[in-house]
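> Let me begin by handing over the structure; questions about it come next.
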Amino acid sequence: MVLLGILLFAACRPGPKQHRTEAQNGVIDLRQADLSSGSYSLNGEWLIHPYRLLFPGDIGIGSPARFPLIWNKLSVKGVELSSMGYATYRLNVYLPAKHRPLAITIPDAYSSQRLFVNGQLIAEHGKPDTSEAQ
């Protein structure tokens with residue numbers, strides 16, 4: 001009984017503070033944020049490049065799209081995307097000039113993906129490709 005009480009107490013403890021921030025038009029500005037005081041969500045309006053796989057340095061004009069959002073509920077420039085396809089999502093994150101090392105949590109994805117930070121590949125799941133075979 002005591003163990004159950006301890007477990008319940010531990011489960012009711014508040015977790016790390018999550019700050020409410022929102023990306024707008026492919027940008028999130030955290031330069032004034034206290035990055036040592038909890039986590040920041042990168043949700044909001046990212047830029048999407050449907051049916052294009054871009055790499056760092058590639059130039060493309062994306063369209064604003066809510067992220068995260070289930071792909072088959074996504075409409076870009078008035079055109080609803082099919083449930084199958086590929087795209088590049090882009091978000092510019094502005095950080096304070098001096099900050100401690102940061103981490104990013106990547107939720108489970110049911111598709112292949114690559115994550116680049118400052119032009120460097122830092123995570124990859126599967127092999128993103130323009131064909132369904134990949």
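The values are calculated or read from the model by the stated rules, or taken from the named source; none is laboratory data. Since we're looking at a predicted model, the values are computed, not measured. In this analysis, Cβ positions are derived from the backbone assuming ideal geometry, glycine residues included, and neighbour counts consider all displayed protein chains.
> Can you name every residue in the range 111-134 that is small (Gly, Ala, Ser) and assigned to a loop (DSSP other than H, G, I, E, B)?
Residues satisfying the conditions are 111, 112, 119, 126, 131, 133.
> Look through 111, 83, 63, 37 and report the one residue that is under 22 Å from residue 131 (Cα atoms), at pLDDT 80 or above and among the hydroxyl-bearing types (Ser, Thr, Tyr).
It is 111.
> Still on this structure, please answer the following. For residues that are under 22 Å from residue 113 (Cα atoms) and either touching a helix residue (DSSP H, G or I) at 6+ places or on another chain (Cβ under 7 Å) or in a loop (DSSP other than H, G, I, E, B) (or both), tally how many sit in the range 23-64.
17
> Moving on to the next point. For the range 14-34, give me each residue that is modelled with pLDDT under 90 and farther than 12 Å from residue 94 by Cα.
Across the range 14-34, the qualifying residues are 14, 15, 16, 17, 18, 19, 20, 21, 34.
> May I ask you to list the residues in the range 23-57 that are hydroxyl-bearing (Ser, Thr, Tyr) and surrounded by 11 or more Cβ atoms within 10 Å (Cβ to Cβ)?
39, 40, 41, 51
> Only residues that are under 14 Å from the mean Cα position of the chain (by Cα), within 14 Å of residue 48 (Cα to Cα), of a type outside the set (Phe, Trp, Tyr) and assigned to a strand (DSSP E or B): list them for the range 65-110, please.
Listed by number, the residues that qualify are 65, 66, 87, 88, 90, 92.
> I'm checking my understanding of the structure. Among residues of the range 87-124 that are of a type in the set (Gly, Ala, Ser) and farther than 20 Å from residue 43 by Cβ, which one is surrounded by the fewest Cβ atoms within 10 Å (Cβ to Cβ)?
The residue in question is 97.
> I need a count of the residues in the range 58-86 that are on the phi > 0 side of the Ramachandran plot and either surrounded by 17 or more Cβ atoms within 10 Å (Cβ to Cβ) or among the basic types (Lys, Arg) (or both).
Looking only at that region, the number is 1.
> Any idea which residue in the range 114-134 is modelled with the lowest pLDDT, counting only those that are of a type in the set (Val, Ile, Thr) and over 16 Å from residue 58 (Cα atoms)?
Restricting to residues being of a type in the set (Val, Ile, Thr) and over 16 Å from residue 58 (Cα atoms), the top hit is 130.
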